[in-house]
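J.: Could you have a look at this structure, given as structure tokens, before my questions?
The values are calculated or read from the model by the stated rules, or taken from the named source; none is laboratory data. Source: prediction; values computed, not measured. Ideal geometry is used to build each Cβ from the backbone, glycine not excepted, and the neighbour counts take in all protein chains shown. Protein only, heavy atoms only, side chains kept; ligands, DNA and RNA dropped before computing areas. Shrake-Rupley method; radii C 1.70, N 1.55, O 1.52, S 1.80 Å.
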Amino acid sequence: MTATDRSIELINAAAQAAADKLAHDIIAYDVSDVLSITDAFLLASAPTDRQVKAIVDEIEERLNKDLGAKPVRREGDREARWVLLDYVDIVVHVQHSEERVFYALERLWKDCPEIDLPEEAKATRGKAAAHAETTAGGQDGERF
């Protein structure tokens with residue numbers, strides 16, 4: 001079994017919304033063969049809590065406005081370190097970059113097929129590492 005056309009449509013819209021709000025490392029997996037509760041996962045991250053919240057808000061607004069989809073559950077909003085939007089057909093995870101590295105959800109789902117995403121979303125791959133590298137330097141530009 002593979003993700004439905006509706007799930008792919010939701011994933012692509014959510015990925016584009018995340019990219020528009022400058023999310024990092026956007027990736028999606030078709031988990032329909034291993035999970036019966038959802039078809040696909042979208043993962044995205046951001047370097048600040050505020051940006052995590054902005055990405056989540058944009059995804060929710062875009063899916064509601066463009067596709068008439070509302071999440072049945074939204075978790076983690078208060079801390080904005082890891083926010084989960086459950087649309088039944090898809091689940092969106094937007095994580096602070098530190099949580100993304102720590103929990104490494106990609107390792108859990110690496111055996112699942114990756115879903116092809118819009119070019120803007122694919123272009124975000126590696127942005128978290130680049131951001132970490134530029135912010136890791138000291139005041140004189142040295143890296144630790």
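J.: Which angle between 0 and 90 degrees, to the nearest 10, do you get for helix 49-67 versus the longest principal axis of the chain when only C-alpha atoms count?
T.: Roughly 30 degrees, rounded to the nearest 10.
J.: Using modelled amide H (1.01 Å from N, peptide plane; none on Pro or chain starts), what sits under 5 Å from the amide H of residue 82, excluding residues fewer than 5 places away?
T.: 96
J.: In the neighborhood of residue 58, defined by Cβ-to-Cβ distances under 11 Å, what is the net charge if each Lys or Arg adds +1 and each Asp or Glu adds -1? Please list the in-between numbers first.
T.: Working: positive: 21, 53, 62, 65; negative: 20, 57, 60, 61.
Charge balance near residue 58 sits at 0.
J.: What is the sum of charges, Lys and Arg at +1 and Asp and Glu at -1, for the other residues whose Cβ falls under 11 Å from the Cβ of residue 38? Don't skip to the end; give the middle numbers.
T.: Details: positive: none; negative: 30, 39, 86, 89.
So the surrounding residues net to -4.
J.: Excluding ligands, DNA and RNA, what is the solvent-accessible area per residue of the chain at a probe of 1.4 Å, expressed in Å²?
T.: Working: 8050 Å² over 144 residues.
Ligands and nucleic acids excluded, the figure is 56 Å² per residue.
J.: Please list, by residue number, every one of the trypsin sites (Lys or Arg not before Pro) in the range 54-91 that is coil in DSSP and has at most 11 other beta-carbon atoms within 10 Å.
T.: On the way: sites: 62, 65, 73, 74, 78, 81; in loops: 78, 81.
Loop-located and lightly packed - 78.
J.: With a 1.4 Å probe and all protein chains left in place, how much of the accessible area of the chain comes from carbon and sulfur atoms, in whole percent?
T.: Details: 4080 of 8050 Å².
C and S fraction of accessible area: 51 percent.
J.: On a C-alpha basis, how far is the centre of the range 1-57 from the centre of the range 70-95 in Å? Whole number, if you could?
T.: Cα centroid to Cα centroid, the span is 10 Å.
J.: Mind checking which lysines have their C-alpha under 23 Å from residue 21, skipping anything on the same chain fewer than 8 residues away?
T.: The reachable lysines, counting only those whose Cα sits under 23 Å from residue 21, are 53, 65, 70, 122, 127.
J.: Which one, 27, 121, 101, projects farthest toward the positive side of the charge dipole computed for the chain from Cβ point charges (K/R +1, D/E -1)?
T.: 101
J.: Identify which of 67, 42, 108 has the largest mean-square fluctuation in a Gaussian network model of the chain, with springs joining Cα atoms closer than 10 Å.
T.: In the Gaussian network model the winner is 108.
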